[in-house]
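Following: one structure in structure tokens, then a few remarks.
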Amino acid sequence: MVRPTQLLYAQRAPAPVRPAATVLLLRDTPTGIEVLMTRRSMTASFAPGAYVFPGGGVDTLDAAAHAQASHRPAQSELHLTQAIAAIRESFEELGILLARHGDGAMADASDIAALDRKAPFAAQCAARSLRLAAAEVFVLAHWITDRDLPRRFDVPFLVARMPQGQTPVADEAEQFEPVWVRPADALSRHQAGSFFIIFPTIRTLERLQAFATVEAVLTACAATEQPLWTSCPRAGLLAGREVRYMEHESAYGELAMVCPDGQIMHHLDWQSEHPVALLKNVMRLTAPNPGAMTGPGTNSYLVGDPATGYIAIDPGPADPEHVERLWRAAGGQIRFIVCTHSHPDHSPGARPLQALCQGHPPILGLPSESTARAHSTFTPDRSLQNQELLVLTGKGPEGEITHTLQVIFTPGHAANHLCLVLLEDGLLFSGDHVLNGSTTVVDPPDGDMTAYLDSLDRLSAACDAHAIEFILPAHGHVLGAAKGAIAWLKAHRLQREAKVIAAMRARPDGTLDDWVALAYDDVPPRMWPVAARSLLAHVERIRSLPPGND
């Protein structure tokens with residue numbers, strides 16, 4: 001866990017969450033699914049004027065109405081309460097009644113007319129012998145309102161089929177202008193500025209587009225009885241505007257590390273002119289070498305502070321301006337220069353940086369092997385040992401402070417690749433072994449797929465041993481949920497390997513070009529020459545396995 005003393009901003013407790021429920025009422029049309037949405041009052045305390053799905057807070061009477069509701073055997077008590085709340089809110093806000101008579105007939109206009117939207121809901125239904133159709137309401141998603149907002153809700157997004165013969169009528173108090181809309185149309189209208197919707201609604205509509213029919217949505221939800229996704233978004237600043245992200249999106253982990261309480265303080269724009277402070281003891285300076293293989297550029301990191309001096313990680317290419325910026329960001333107080341590996345976007349800046357520094361800080365790493373390509377040769381001043389500790393100490397305003405980097409050998413992407421763990425803060429500097437936004441190339445002979453996968457296991461074990469939460473890659477933003485990210489990466493590699501095996505069996509006499517078209521059919525053809533290098537690494541690994549293990 002990151003030490004609180006190293007966070008950039010004073011922390012404050014996010015607002016407490018309130019239980020709520022919302023429901024997507026769906027219907028089939030010849031042009032696809034439509035969902036019922038309605039506009040919130042312009043004086044509403046939350047999302048005024050936004051088009052939303054009907055819903056609201058869960059109250060105590062919802063939990064007390066279980067006996068009056070149908071339910072599925074696998075439907076939890078919590079989900080049953082939430083379904084009842086959504087049914088109640090649909091009636092109160094839009095006059096839609098998801099309830100059935102004893103003979104199974106859905107409630108009709110006469111039932112709706114007999115009920116008072118402002119009177120206790122469940123009791124009125126019981127008086128007319130109506131059973132709430134909670135068994136027909138499924139959990140689609142689980143959203144928790146962003147930590148930065150003053151009003152927050154813990155809310156399932158439920159789905160149900162719109163009852164035939166019923167017509168939505170807004171209450172004209174909380175909700176207005178009910179409208180049936182295709183998800184794609186709602187999104188395009190929002191982009192055009194004529195249909196205001198908030199972030200969770202946008203993301204839900206985006207995912208709803210993948211379903212062709214209402215039945216397909218309900219079947220997907222019924223298969224697990226769990227949300228298809230769960231999210232508590234985070235917000236940062238991009239081009240001067242607030243932008244929100246879900247957990248699977250590339251900027252989420254960085255926002256979680258820099259602003260764990262959700263304050264909107266961190267700028268996500270990529271730029272090379274100035275260092276970006278991630279913590280008080282970690283800065284990132286991105287080299288001006290963006291491209292297909294480097295993403296936004298190579299990330300150089302400075303670990304430490306003015307009291308301890310700094311360790312520079314991956315000084316990058318021999319770009320004089322980048323190297324000088326790195327030196328200036330450290331105030332010239334660089335104690336060690338560490339290269340995670342010898343590739344030309346990582347290590348050539350080491351000697352020029354060393355020349356700028358007083359005290360001639362040593363360049364550390366592993367020398368390149370004979371398998372390295374000519375442009376990737378590297379010889380450190382001293383070779384690091386596996387598990388070696390690099391320690392910075394000093395006396396700051398709050399007393400003695402220490403920053404310790406532990407070395408972990410991680411061959412695979414390159415034979416001399418290593419990673420570093422900042423022990424006091426649970427951070428992994430992953431070089432090119434783990435990237436954000438892409439998978440790294442494993443290029444034989446210096447790259448080795450079996451070694452790469454074994455190194456992933458080593459990093460996973462380090463996550464357990466050192467409570468590592470975040471990964472700081474050489475390309476891309478900080479990754480959160482470190483162990484999960486590593487597990488996903490290994491699973492992805494093995495899934496790719498299965499496709500390589502299938503391609504080799506389908507074309508036993510094929511070439512790498514033949515196999516790459518089959519095994520990387522989900523990758524743009526322009527990237528196939530690069531993908532072929534990793535494919536070769538998979539092929540060499542497959543051919544080295546004992547018979548029957550492929």
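The values are calculated or read from the model by the stated rules, or taken from the named source; none is laboratory data. Bear in mind that the values here come from a model prediction, so they are computed numbers and not experimental data. Here the Cβ positions follow ideal geometry from the backbone for every residue, glycine too, while neighbour counts run over all protein chains shown. Note: areas computed on protein heavy atoms with side chains; ligands, DNA, RNA excluded. Shrake-Rupley method; radii C 1.70, N 1.55, O 1.52, S 1.80 Å.
Quick notes on this one:
- Pro320 modelled with pLDDT of 95 or more and open to solvent by 10 Å² or more (accessible area, probe 1.4 Å): yes
- Unmet criterion (only one of (1) of a type outside the set (A, V, I, L, M, F, W, C); (2) part of a loop (DSSP other than H, G, I, E, B); (3) farther than 30 Å from Ala220 by Cβ) for Arg147: (3)
- Filtering region 73-90 to residues that are crowded, with 22+ Cβ neighbours inside 10 Å and either closer than 21 Å to Glu225 by Cα or in contact with a helix residue (DSSP H, G or I) (Cβ under 6 Å, 6 or more places away or on another chain) (or both) leaves His79, Leu80, Thr81, Gln82, Ala83, Ile84, Ala85, Ala86, Ile87, Arg88.
- Scanning region 154-190 for residues that are open to solvent by 30 Å² or more (accessible area, probe 1.4 Å), more than 30 Å from Gly104 (Cα to Cα) and at pLDDT 95 or above yields Asp154, Ala184, Asp185, Ser188, Arg189, His190.
- Members of region 200-229 found to be closer than 14 Å to Pro183 by Cα and either crowded, with 18+ Cβ neighbours inside 10 Å or in contact with a Pro (Cβ under 9 Å, 6 or more places away or on another chain) (or both), listed by number: Pro200, Thr201, Arg203, Thr204, Leu205, Glu206, Arg207, Leu208, Gln209, Phe211, Val214, Val217
- Options Asp446, Asp432, Asp464; residue that is without any contact (Cβ under 8 Å) to a residue 24 or more places away in the chain, among the acidic types (Asp, Glu) and more than 22 Å from Val391 (Cβ to Cβ): Asp464
- The one condition in (1) free of Cβ contacts under 8 Å to residues at least 40 places away in the same chain; (2) in a helix (DSSP H, G or I) that Ala135 fails to fulfil: (1)
- Among residues of region 476-485 being more than 25 Å from Ala287 (Cα to Cα) and assigned to a helix (DSSP H, G or I), the one that is most open to solvent (accessible area, probe 1.4 Å) is Lys483.
- Cβ pairs under 8 Å, 6+ apart, first in region 496-513 and within 13 Å of Ala532 (Cβ to Cβ), second among the aromatic types (Phe, Trp, Tyr) and assigned to a helix (DSSP H, G or I): Val500/Trp515; Ala503/Trp515; Asp513/Trp528
- Among the conditions (1) over 26 Å from Pro183 (Cβ atoms); (2) out of contact with any Leu (no Cβ under 9 Å at 6 or more places or on another chain), Pro14 misses just one, which is (2).
- Just one residue in the set Leu26, Leu7 is in contact with a strand residue (DSSP E or B) (Cβ under 9 Å, 6 or more places away or on another chain), open to solvent by less than 70 Å² (accessible area, probe 1.4 Å), within 23 Å of Met162 (Cα to Cα) and in contact (Cβ under 8 Å) with a residue 24 or more places away in the chain; that residue is Leu26.
One line per residue, one yes/no per condition, for (1) part of a strand (DSSP E or B); (2) among the charged types (D, E, K, R); (3) open to solvent by 10 Å² or more (accessible area, probe 1.4 Å); (4) in contact with a Gly (Cβ under 6 Å, 6 or more places away or on another chain):
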position	(1), (2), (3), (4)
Ser370	no, no, yes, no
Glu400	yes, yes, yes, no
Gln406	yes, no, yes, no
Pro411	no, no, yes, no
Asn416	no, no, no, no
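- Qualifying position, being at pLDDT 95 or above, of a type outside the set (D, E, K, R) and outside any helix (DSSP H, G or I), among Ile501, Ile468: Ile468
- Residue in region 349-368 that is most open to solvent (accessible area, probe 1.4 Å), counting only those that are assigned to a loop (DSSP other than H, G, I, E, B) and touching a Ser or Thr at 6+ places or on another chain (Cβ under 9 Å): Pro367
- Of the residues making up region 292-306, at least one is closer than 25 Å to Glu242 by Cα and of a type in the set (S, T, N, Q).
- Matching residues in region 106-124 - criterion: being assigned to a loop (DSSP other than H, G, I, E, B) and open to solvent by less than 40 Å² (accessible area, probe 1.4 Å): Ala107, Leu115, Ala119
- Some residue of region 38-46 being free of Cβ contacts under 8 Å to residues at least 60 places away in the same chain and open to solvent by less than 60 Å² (accessible area, probe 1.4 Å): no
- Of all residues making up region 313-338, the number that are among the charged types (D, E, K, R), under 13 Å from Phe378 (Cβ atoms) and either free of Cβ contacts under 8 Å to residues at least 40 places away in the same chain or out of contact with any strand residue (DSSP E or B) (no Cβ under 6 Å at 6 or more places or on another chain) (or both): 0
- Region 418-454 - residue that is among the β-branched types (Val, Ile, Thr) and surrounded by fewer than 20 Cβ atoms within 10 Å (Cβ to Cβ) and, of those, farthest from Leu7 (Cα to Cα): Thr450
- Within region 517-534, considering residues that are open to solvent by less than 70 Å² (accessible area, probe 1.4 Å) and in a loop (DSSP other than H, G, I, E, B), the one farthest from Asp448 (Cα to Cα): Pro524
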